[in-house]
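Everything below concerns the one structure shown next.
The values are calculated or read from the model by the stated rules, or taken from the named source; none is laboratory data. None of the values given here were measured: they were computed from a predicted structure. Reconstructed Cβ throughout: ideal geometry from the backbone, glycine too, with neighbour counts over all protein chains shown. These accessible areas exclude ligands, DNA and RNA; they are computed on the full protein's heavy atoms, side chains included. Shrake-Rupley method; radii C 1.70, N 1.55, O 1.52, S 1.80 Å.
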Amino acid sequence: SDQERAFQERIDRNEKIEPKEWMPEGYRKTLIRQIGQHAHSEIVGQLPEGNWIGRAPTLERKAILLAKVQDEAGHGLYLYSAAETLGVSRDELLEALHSGKMKYSSIFNYPTLTWADMGAVGWLVDGAAIMNQVPLQRTSYGPYARAMIRICKEESFHQRQGYDIMMKMCAGTPEQKAMAQDALNRFWYPSLMMFGPSDKDSVHSEQSMAWKIKMNTNDELRQRFVDQTVPQAEYLGLTVPDPDLRWNEDKGGYDFSEPDWSEFYAVIAGNGPCNAERLGARVKAWEDGAWFRDGLMAHADKARARRVAAE
Amino acid sequence: SDQERAFQERIDRNEKIEPKEWMPEGYRKTLIRQIGQHAHSEIVGQLPEGNWIGRAPTLERKAILLAKVQDEAGHGLYLYSAAETLGVSRDELLEALHSGKMKYSSIFNYPTLTWADMGAVGWLVDGAAIMNQVPLQRTSYGPYARAMIRICKEESFHQRQGYDIMMKMCAGTPEQKAMAQDALNRFWYPSLMMFGPSDKDSVHSEQSMAWKIKMNTNDELRQRFVDQTVPQAEYLGLTVPDPDLRWNEDKGGYDFSEPDWSEFYAVIAGNGPCNAERLGARVKAWEDGAWFRDGLMAHADKARARRVAAE
Amino acid sequence: RDALVEWLLRTGDNALILGQRLSEWCGHAPALEEDIALANQALDLIGQCQLWLGLAGAVEGRGRTADDLAFLRDAGAFRNLLLVERPNRDFGHTLMRQFLFDAFHLELLEAARASSDPRIAEIAAKAWKEAAYHLERSADLVVRLGDGSAESHDRMQAALAALWSFTGEMFTDDDHDRALADAGVMPLPSSLRPAWDRTVAQVLDEATLTHPGEVWQQGITDMGGGKRGVHSEHLGHLLAQMQFLQRAYPGARW
Amino acid sequence: RDALVEWLLRTGDNALILGQRLSEWCGHAPALEEDIALANQALDLIGQCQLWLGLAGAVEGRGRTADDLAFLRDAGAFRNLLLVERPNRDFGHTLMRQFLFDAFHLELLEAARASSDPRIAEIAAKAWKEAAYHLERSADLVVRLGDGSAESHDRMQAALAALWSFTGEMFTDDDHDRALADAGVMPLPSSLRPAWDRTVAQVLDEATLTHPGEVWQQGITDMGGGKRGVHSEHLGHLLAQMQFLQRAYPGARW
């Protein structure tokens, strides 16, 4: 239609689409799915790190980790707000999460087993997230782009903190170094999976790229991530768990092994090591908190009634 | 009445009273209260020691503590059975415990704060219990006397194990020795309280002694306990936390300070450090376990119905 | 000096243990705003604990750092109040614990800002601002939930009943307290009570909650209480988790 | 020798971690008889663990005792199945976990009794008797609760669903397993499966519980599984408690 063509032209001119403006239903739906999933990832993402706050090895590390997890909850808040501008409430999105209709990033279905995992999560998981998110600062939907700008700033800070943990571990005792290597071993392939399946298997991609909801292909971003991360691993003195990893002079990047995509689909389908626990924890938090939210609403109703009565 | 006189004469002749035989209501009630309270003490008594099974410092110590707590549950079982011979069911007794109508020994309302407390509980608490129980092997009610014989044998084993923990702690590092002294400091007066208030303030005592449900006065037993325990503390190199403790040549026993009876009554009234937690844990176990007990009963009903149908 | 170290440990340990308890909520709070607020309060408290324990170690003069004090003492050497080691239980319980503590904490820090010891006054000035915000928040939520639904009211009343007997310990005076009062470093804990009583009474009233009145208080006898290192069974379990890495990998740097 | 040490650690760690889990029930079980039975099973398992880990240390030849192995390894060095570290949750969950493990344990020990290594055969002969009794008891309770009330049925079915995906790991074969099989010390874990399948199918049938059928199994990929030291988040918390004293007071004797 004409409207659709005009919309696409605005996007092509790099104009930002704002909440009240006309947009195709598909654009709206895709954005809700993408932003909602991202928001869910932030709040579920509190759990694997929350698992180590209580056992952080120093007060300083405990404070840094608390601040990080607090930031993540804050990101969740921005993102739910951005989604709300598209006409879906936070509670609706949460319900979709709790019922399993909406997903969160599968990386959070892996357990955090040692303190080095706090390093690996910051370095690799936040690193991969940033790689995804930096281009989204230029995404076509205004509220989303602005949320991304704010989030990216904090994420890159988190990534540096994660890398700093890895540096300390790698410069530490042999046991600490072994923990660091083990964390890299466990998080390497799941991090590569964070970019999604290979372009040839990826659905929706083309339309999302035309709409500038997605700015790069999965494989582009994955390559960029590997090229950035391998030298960082070398600097740490760690070995990337991929015997086929090597520099390819011709393409100016690394050749590397694909992750096991059957594992990826298994985890997406709910069969990762922690799916039941992660979703279960969120559902329990929500259900246990019902009286709290109801209580606050009851108070607000009473307060309103009193104000009206006093007028 | 004649019946009562004949009953008392049997007791005076040291005959055992058996379940089906006639007994005064007061005798029955007093026994139910005393045996029930003892049974409750065994099962509540699992909790302070259960608190350290998970943290026992060696596999051997873990096994010994598990065996001990298992014995306590077993004692609970004998004692509830003995009470049942008096016409009260285990469930009725438990209900009286859960509603606060019946008590358990107040000593279990104190927390176990270090591993040395496992020693102190065995040495002092089981020690005081034995002091109470040994004479009860000669009590007038047959099933109770027989339960006591069995229980005393195991308790004295527990006491030796507790003392053995104390010996290890006192021969250990300065920190371990300090833990042992601290445990003695905390458990000394509560152990003295286990014999009940001073004879002059003790209710029911006279009748119970005539019936041979109670064999010695509270003060007699307390004196015996102090006389036995002080040399054991000296052997360990520990200081009994009583500046007025001294040997009295004339009476052939120690003079010692009375415990703070206001604390005793406060704890009895429900205000000890752990009353709410101990009783709460038992009530929760009972309520959480309702489906389990109901399920077993439902199965028994079904099985019976099937047997009947098959006949 | 002993009395000063003792006071610093008590104040620092309160912050540490309550911060640790609050951080257990991370990702499990009933609303995203609460996740953020609790993490923020925990963060404030851990920050305060670093300052207090750092000063405690310096005054003690045995070369122990704040981390050494946090991670290498066993339960009996901790000096926090019994109140702050209470388990979280439901969110109402956590909030009530926070309110009862915040109302005390603010008075304590108010007094500490005016301490004759400039090191104390300096830390307290920073911490006071945070505590004021914590109290504002916890008092507000106590009011809204107390005067909310029937269920939220009942839960807050139950939390109050369960926690009240742990508040008396905040205002007990012992020899250390008297030594500091004599030296003009800090007023007696008992002197903080009237202001706390007023705040609590006013908030409970607004929250339509029944004041528990006079009930038996825990930890106030000569033999007991967190201030003297006689804790509940909960603290040992908390420390076993909190201290695991420092215990398992002695001397490692993180 | 590596394969033998590995097998001994796996077998000993299963007993240790399950024993630790069972002992958490102490004083909290739904009936006094269950308190006794669980403590008894925990005791058996701790006793077995002492023997297996003692032998593991001896075979390893680095001077480590059973206690060293139990209390001074971090999670990644533990070799127990994911199944035994699952949290207790409700009593039905605990019983179902026990049944699924007992049915495996008995087959394992049956095979171990016939091991060509006399040290293994000797320990297994003792442990087998205990495991047979454990299985008798847990199977009986699964039947009675499955075929009990509607609620007990549903709880047992839910427990089965939650635990089933952790059973596959019991029957995976790796290089260590193959080395022992080649040496005739122990048959392959996969060879124990048919008998386990039969026992489980029969008991579930009698319990009127629906067999979960083929579902995704945890811990069976190259990267995962408790047998390879890749555990769940639960194990670290369990060890932090269990190992506290040995970690906090290194070298002390108890």
message = Suppose the filter is over 19 Å from C:Asn40 (Cα atoms), at the interface with chain C (Cβ under 10 Å from one of its Cβ atoms) and hydrophobic (A, V, I, L, M, F, W, C); does A:Leu65 pass it?
response = no
request  = Being more than 14 Å from chain B (Cβ to nearest Cβ), among the β-branched types (Val, Ile, Thr) and either within 30 Å of C:Gly148 (Cβ to Cβ) or surrounded by 14 or more Cβ atoms within 10 Å (Cβ to Cβ) (or both) narrows it down to one of C:Thr221, C:Thr208, so name that one.
outcome  = C:Thr208
Pair list, Cβ under 6 Å, 6 or more apart: the range D:202-219 residue within 15 Å of D:Ala158 (Cα to Cα), other residue assigned to a loop (DSSP other than H, G, I, E, B) and open to solvent by 40 Å² or more (accessible area, probe 1.4 Å) = D:Leu204/D:His211
query = How many of the residues making up the range C:40-55 are open to solvent by 10 Å² or more (accessible area, probe 1.4 Å), of a type in the set (Gly, Ala, Ser) and facing chain A (nearest Cβ under 7 Å)?
reply = 1
Residue match in the range C:226-234 (condition: surrounded by fewer than 23 Cβ atoms within 10 Å (Cβ to Cβ), touching a residue at least 40 places away in the same chain (Cβ under 8 Å), within 12 Å of chain A (Cβ to nearest Cβ) and within 19 Å of the chain's Cα centre (by Cα)) = no
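Conditions (1) touching a residue at least 60 places away in the same chain (Cβ under 8 Å); (2) open to solvent by less than 10 Å² (accessible area, probe 1.4 Å); (3) farther than 25 Å from C:Phe244 by Cα, marked per residue:
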site: A:Gly122; (1), (2), (3): no, yes, no
site: A:Gly142; (1), (2), (3): yes, yes, yes
site: A:Lys153; (1), (2), (3): no, no, yes
site: A:Thr173; (1), (2), (3): no, no, no
site: A:Ala178; (1), (2), (3): no, no, no
site: A:Leu184; (1), (2), (3): yes, yes, no
site: A:Lys200; (1), (2), (3): no, no, yes
site: A:Val203; (1), (2), (3): no, no, yes
site: A:Gln207; (1), (2), (3): yes, no, yes
ask   = Which of (1) within 13 Å of chain C (Cβ to nearest Cβ); (2) open to solvent by less than 10 Å² (accessible area, probe 1.4 Å); (3) farther than 17 Å from A:Arg186 by Cα does A:Asp91 not meet, given it meets every other one?
value = (2)
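Residues are listed down the side, and each one gets a yes or a no for (1) of a type outside the set (Ser, Thr, Tyr); (2) at pLDDT below 95; (3) surrounded by 12 or more Cβ atoms within 10 Å (Cβ to Cβ); (4) not in a loop (DSSP other than H, G, I, E, B):
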position: B:Gln228; (1), (2), (3), (4): yes, no, yes, yes
position: B:Tyr235; (1), (2), (3), (4): no, no, yes, yes
position: B:Leu238; (1), (2), (3), (4): yes, no, yes, no
position: B:Pro243; (1), (2), (3), (4): yes, no, no, no
position: B:Arg278; (1), (2), (3), (4): yes, no, yes, yes
position: B:Arg282; (1), (2), (3), (4): yes, no, yes, yes
position: B:Trp291; (1), (2), (3), (4): yes, no, yes, yes
position: B:Gly295; (1), (2), (3), (4): yes, no, yes, yes
position: B:Ala298; (1), (2), (3), (4): yes, no, yes, yes
request  = Find the helices (runs of 4 or more DSSP H) located wholly in the range A:1-95 whose residues include 1 or more that are of a type in the set (Asp, Glu) and over 30 Å from C:Leu51 (Cα atoms), and list them.
outcome  = A:2-12, A:25-44, A:59-84
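Yes/no matrix, rows are residues, columns are (1) open to solvent by less than 30 Å² (accessible area, probe 1.4 Å); (2) closer than 20 Å to D:Asn88 by Cα:
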{"residue": "D:Leu145", "(1), (2)": "yes, yes"}
{"residue": "D:Phe171", "(1), (2)": "yes, no"}
{"residue": "D:His176", "(1), (2)": "no, no"}
{"residue": "D:Ala179", "(1), (2)": "no, no"}
task = Find all pairs meeting these conditions: Cβ atoms under 8 angstrom apart; at least six residues apart or on different chains; first residue within the range A:5-27 and more than 19 Å from A:Gln137 (Cα to Cα); second residue part of a loop (DSSP other than H, G, I, E, B) and open to solvent by 30 Å² or more (accessible area, probe 1.4 Å).
result = A:Phe7/A:Trp22
request  = Taking the residues in the range C:162-184 that are under 20 Å from the mean Cα position of the chain (by Cα) and part of a loop (DSSP other than H, G, I, E, B) as candidates, determine which candidate is nearest to the other protein chains (Cβ to nearest Cβ).
outcome  = C:Ser165
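Conditions (1) open to solvent by 60 Å² or more (accessible area, probe 1.4 Å); (2) closer than 22 Å to A:Gly289 by Cβ; (3) in contact (Cβ under 8 Å) with a residue 60 or more places away in the chain, marked per residue:
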position: C:Ala112; (1), (2), (3): no, no, yes
position: C:Pro118; (1), (2), (3): yes, no, no
position: C:His134; (1), (2), (3): no, yes, yes
position: C:Arg137; (1), (2), (3): no, yes, yes
position: C:Val142; (1), (2), (3): no, yes, yes
message = Between A:Ser106, A:Ser198, which is under 15 Å from A:Gly45 (Cβ atoms) and not hydrophobic (A, V, I, L, M, F, W, C)?
response = A:Ser106
task = From (1) part of a loop (DSSP other than H, G, I, E, B); (2) at the interface with another protein chain (Cβ under 10 Å from one of its Cβ atoms); (3) buried (at least 19 other Cβ atoms within 10 Å of the Cβ), pick out the condition that doesn't hold for D:Leu238.
result = (1)
